[in-house]
1. What are the residues in the stretch 107-136 that are in contact with a helix residue (DSSP H, G or I) (Cβ under 7 Å, 6 or more places away or on another chain) and modelled with pLDDT under 95, if any?
2. For the stretch 22-39, indicate whether the set of residues that are in the same structural domain as residue 122 (by TED's automatic domain parsing) and within 21 Å of residue 144 (Cβ to Cβ) is non-empty.
3. What is the one condition in (1) more than 15 Å from residue 131 (Cβ to Cβ); (2) surrounded by 15 or more Cβ atoms within 10 Å (Cβ to Cβ) that residue 42 does not satisfy?
């Protein structure tokens, strides 16, 4: 079986890159969900996606370091499932959680994080960005209120 491979590469100031992480046992659906995420968190480092590419069966996501912080704990309830947190984009309040739920597969994750508008708590929210946080084993969708109430 000729399965796809995913590699995260760190872009350097010299337009050079370094391979960071390599995933050989990965499904195309997970690659698509990860490419929809502007941010990638691993080992306490948040990376910002700058581009992506495909070389035969190798999918590449190019990233730059966005910030570093202490690792956060894994949610034990999310082990064996795919947790998706929806957070308000509000750094002053530490991006409060609006909703969270567990999904069965990466296509379901992609179906949520790929949408521009969402409806939670009787309000319309607009997508800002998404991240995959491998440290906590969670996808995160960041949204801002549009002002429309339902």
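1. Once the filter is applied, which keeps residues that are in contact with a helix residue (DSSP H, G or I) (Cβ under 7 Å, 6 or more places away or on another chain) and modelled with pLDDT under 95, the stretch 107-136 yields nothing.
2. no
3. Unmet condition: (1).
The values are calculated or read from the model by the stated rules, or taken from the named source; none is laboratory data. Note that the coordinates shown come from a computational prediction; the quantities given were computed from them, not determined experimentally. Cβ: placed from backbone, ideal geometry, glycine included. Neighbour counts: every protein chain shown.
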